[in-house]
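J.: Before I ask anything, here is the structure I am working with.
The values are calculated or read from the model by the stated rules, or taken from the named source; none is laboratory data. All values reported here derive from a predicted model rather than from experimental measurement. Every residue, glycine as well, gets a Cβ built from its backbone with ideal geometry; the counts of neighbours run over all protein chains shown. When the accessible area is computed, the model is the full protein with side chains, heavy atoms only, and any ligands, DNA or RNA have been set aside. Shrake-Rupley method; radii C 1.70, N 1.55, O 1.52, S 1.80 Å.
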Amino acid sequence: MLPNEIKITPQLVAEHGLKPDEYQRFLHLIGREPSITELGIVSAMWNEHCSYKSSKIHLRTLPTKAPWVIQGPGENAGVIDIGDGLAIVFKMESHNHPSFIEPYQGATTGVGGILRDVFTMGARPIAALNALRFGDPAHPKTRHLVSGVVAGVGGYGNSFGVPTVGGLVGFHTRYDGNILVNAMAVGLAKADEIFYAKATGVGKAIVYLGSKTGRDGIHGATMASAAFGEGGEERRPTVQVGDPFAEKLLLEACLEIMAAGHVDAIQDMGAAGLTCSAVEMGAKGDLGVELDLDKVPCREEGMSAYEMMLSESQERMLMVIKPGHEEPAEAIFRKWGLDFAVVGHTTDTLRFVVKHQGEVMADLPIKELGDEAPEYDRPWIETPRQQRIAPETVNAPLSNAVALVKLIGSPDLCSKRWVYEQYDTLILGNSVVTPGGDAGIVRIEDGPKGLAMTTDVTPRYCEADPFEGGKQAVAEAWRNLTAVGATPLAITDNLNFGNPERPEVMGQFVGCIKGIGEACKALDFPVVSGNVSLYNETNGVSILPTPTIGGVGVLADVTRHATIGFKAEGEAIVLIGETQGWLGQSSYLATICGREEGAPPPVDLSIERKNGDFVRGLIVNGRVSACHDLSDGGLALALAEMAMAGKIGATVTALPAGPAHAALFGEDQARYLVTLPAAAAEALVAEAKAAGVAAAIIGTTGGTALNLPGEAPISLATLNNAHEAWFPAYMSGKSA
């Protein structure tokens, strides 16, 4: 009988996030009443955040393989081969609940955690991105949350020393009580020197590395698997506290110890801390693990076994060391001023045994904890389809010129300069394209190879039609990489949804997964890593379904890339792709007409591929001077952004057929704008037609204004003022 100083009651079980049937399953598994430490361990391993119990049945349907995929889902991060003996390691994860409770620390530890996932695999982080969703700007908490989260993202990434090269920021009242903070990290490694979490061999030392263990973050994983109710701020003690300078030391020490050949397996202490890392290392290697908590470096007095096993203190790693390598490995960590402690060993028992002060505090079957957590095929109902809104039925309440200025100054579509200027976008010296374009680009080492990265999703689309919305999120990431000249290679995802026990929410999840899977297959764009964040709701109000897609692509020659700004006067502007004027779920309909309704634009993946491959060929061959994909806000927004970025105006001489406001603001997919010398434009259009790609010359660059058909000229100064004004005014309290 294990020490059981606390009586296990149904209330205590419920407080640990276990359903009665799950607790009964656990009792049957171990054949006795658990100790409080064992209850804490199983609650951490079987919660949604760690076990994916509501989602893994659907995640298995996603395409995860390609000739260039070295490691797909199931490890700390995904790995793809980019040639020349190099690999890219990347992943995206959420820190939503902690960031709502304590925005600065929640965001910093989100960034720190995803950086550890990448360098745990043996990669040096070379770039970071994020995707942030906040509530209605008029909500009393929103400004505080924006300020804290942005400061936290910058505070950690800047101090650690990694450039933030891309991201997105959006607002909607459905995030009032549950913001989203999705952090992505990208690292570079040698393709034949990737490190994994799977432990091998019996009797090997298990070593604790990094910072000391404290009481911060206890029950963090459990909290991330629960919906918010009243008094969410009371959960503040579960939010971890980060130290980016300690993490920088941990990075250097880990890469050095790996290069020295001392490491058998390594695992980040992320969600559920010591529990999850130790169990996963043993379970993946079909080994048992025995831990002696008396050896764990602690920064607080009198910590119990329960507290040590569930602490989510940051900047910590667990490593299995090769036999006989303990002394030189320790010397490396001591040199970097970090803790190094042998806290256990691998066994052949398939048991997870935890000892503290001479007593066994936990003795559990390790495979059932790591690999055989509950798995649910939860009931789901398909989201009812909305009707297509015919463009001619949407009356324009404003002139197109006034509507454009209003749209480009709206919270979702305005410049996010206030945000990204708080991030270091240039550190390491390899940033080629920084935030503000279609995708960030970094040079790989000394070049010529480069890497493009983006994060994308349109939650309105996903709520109206999860299948099409999931497809569109992947297609837009693919387009954004293509628009800078990169060949898209793989994605990571961050699937943010409400309560999966509600069939309509589970239906959103299932629909989005089906859409993501179909798009990834059609575009040869496999999923190699990701994260599922469920129970994102407060008092029964769910967030918009938000499956954020992080895309990565490669450029053979980083100097042959495209940016969005017009480059010269007198160039032809060519629209690639067909325009039907699709206004359903568009930014125009929501912001100008005050309506969020209708079916979102359909995504024809064969056309996406055909148009994208054609555009990429133009960029790689140096035939176009600028390129921008069309998404939120449609053609008019893309024209305005290209004009502002290049500080050159444009005159539109021809619009696609249909009502002018639909042609300008419709959000039809698979479209790009490119510019090139006027003398070469007709030949390009003919070449596109021969390739089965729709293309039309719609105007010319030049002047200091954007001239739309039938509208008064809009000066670049007016566009810039509207675009740049909202965020600084809002954050200074001068606007709602």
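J.: Return yes or no: is residue 591 touching a residue at least 24 places away in the same chain (Cβ under 8 Å), polar (S, T, N, Q), part of a loop (DSSP other than H, G, I, E, B) and more than 20 Å from residue 492 (Cβ to Cβ)?
T.: When the stated conditions are applied, residue 591 does not pass them.
J.: Please find, among 202, 186, the residue that is modelled with pLDDT of 95 or more and either of a type outside the set (A, V, I, L, M) or part of a loop (DSSP other than H, G, I, E, B) (or both).
T.: 202
J.: A further question on this structure: Being part of a helix (DSSP H, G or I) and touching a residue at least 24 places away in the same chain (Cβ under 8 Å) narrows it down to one residue among 112, 177, 166, 122; which is it?
T.: 112 is the lone residue from the list that is part of a helix (DSSP H, G or I) and touching a residue at least 24 places away in the same chain (Cβ under 8 Å).
J.: Could you list all residues from the stretch 536-557 that are of a type outside the set (D, E, K, R), assigned to a loop (DSSP other than H, G, I, E, B) and open to solvent by 10 Å² or more (accessible area, probe 1.4 Å)?
T.: 539, 540, 556
J.: Here's something else I'd like to know. Please name all residue pairs, on different chains or six or more residues apart, with Cβ atoms under 7 Å, provided the first residue is in the stretch 508-531 and is farther than 25 Å from residue 89 by Cβ and at pLDDT 95 or above and the second residue is open to solvent by 10 Å² or more (accessible area, probe 1.4 Å) and in a loop (DSSP other than H, G, I, E, B).
T.: 508/383; 510/380; 511/382; 511/383
J.: Residues 401, 396: which one is part of a loop (DSSP other than H, G, I, E, B), among the small types (Gly, Ala, Ser) and more than 34 Å from the chain's Cα centre (by Cα)?
T.: The match here is 396.
J.: Being charged (D, E, K, R), under 26 Å from residue 98 (Cα atoms), open to solvent by 30 Å² or more (accessible area, probe 1.4 Å) and out of contact with any Lys or Arg (no Cβ under 6 Å at 6 or more places or on another chain): is that true of residue 256 here?
T.: no
J.: Residue 501 fails exactly one of the following numbered conditions: (1) surrounded by fewer than 24 Cβ atoms within 10 Å (Cβ to Cβ); (2) of a type in the set (D, E, K, R); (3) in a helix (DSSP H, G or I). What is the number of that condition?
T.: For residue 501, the exception is condition (3).
J.: Take the residues in the stretch 421-472 that are open to solvent by less than 30 Å² (accessible area, probe 1.4 Å) and among the hydroxyl-bearing types (Ser, Thr, Tyr); name whichever of them is nearest to the chain's Cα centre (by Cα).
T.: Among residues in the stretch 421-472 that are open to solvent by less than 30 Å² (accessible area, probe 1.4 Å) and among the hydroxyl-bearing types (Ser, Thr, Tyr), the one nearest to the chain's Cα centre (by Cα) is 455.
J.: Which of the residues spanning the stretch 93-138 are of a type in the set (Ser, Thr, Tyr) and within 12 Å of the chain's Cα centre (by Cα)?
T.: 94
J.: Still on this model: Would you please list the contacts, defined by Cβ atoms under 7 Å and residues six or more apart or on different chains, that run from a residue in the stretch 49-61 that is under 9 Å from residue 532 (Cβ atoms) to a residue that is at pLDDT 95 or above and of a type in the set (Lys, Arg)?
T.: 54/378
One line per residue, one yes/no per condition, for (1) farther than 15 Å from residue 642 by Cβ; (2) open to solvent by less than 20 Å² (accessible area, probe 1.4 Å):
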{"residue": "676", "(1), (2)": "no, yes"}
{"residue": "687", "(1), (2)": "yes, no"}
{"residue": "696", "(1), (2)": "yes, no"}
{"residue": "699", "(1), (2)": "no, yes"}
{"residue": "703", "(1), (2)": "no, no"}
{"residue": "714", "(1), (2)": "no, yes"}
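J.: Here is a list: 288, 270, 261, 282. Which entry is in contact (Cβ under 8 Å) with a residue 40 or more places away in the chain, within 14 Å of residue 195 (Cα to Cα) and of a type outside the set (A, V, I, L, M)?
T.: Answer to the selection: 261.
J.: Please find, within the stretch 35-92, the residue that is most open to solvent (accessible area, probe 1.4 Å) out of those that are polar (S, T, N, Q) and either within 17 Å of the chain's Cα centre (by Cα) or within 30 Å of residue 507 (Cβ to Cβ) (or both).
T.: For the stretch 35-92, the residue satisfying everything is 61.
J.: Looking at residue 295 and the list (1) open to solvent by less than 10 Å² (accessible area, probe 1.4 Å); (2) touching a strand residue (DSSP E or B) at 6+ places or on another chain (Cβ under 6 Å), which single condition is not satisfied?
T.: Only one criterion is unmet by residue 295, namely (1).
J.: For residue 521, all conditions in the list (1) open to solvent by less than 20 Å² (accessible area, probe 1.4 Å); (2) touching a Pro at 6+ places or on another chain (Cβ under 8 Å); (3) not in a loop (DSSP other than H, G, I, E, B) hold save one; what is the number of the exception?
T.: So the condition that residue 521 fails would be (1).
J.: Right, another one. Check residue 707 against each of (1) out of contact with any helix residue (DSSP H, G or I) (no Cβ under 6 Å at 6 or more places or on another chain); (2) surrounded by fewer than 15 Cβ atoms within 10 Å (Cβ to Cβ) and name the one condition it does not meet.
T.: Condition (2) is where residue 707 drops out.
J.: Can you tell me which residue within the stretch 588-634, out of those that are touching a Lys or Arg at 6+ places or on another chain (Cβ under 8 Å) and buried (at least 24 other Cβ atoms within 10 Å of the Cβ), is nearest to residue 704 (Cα to Cα)?
T.: Only one residue fits best here, namely 626.
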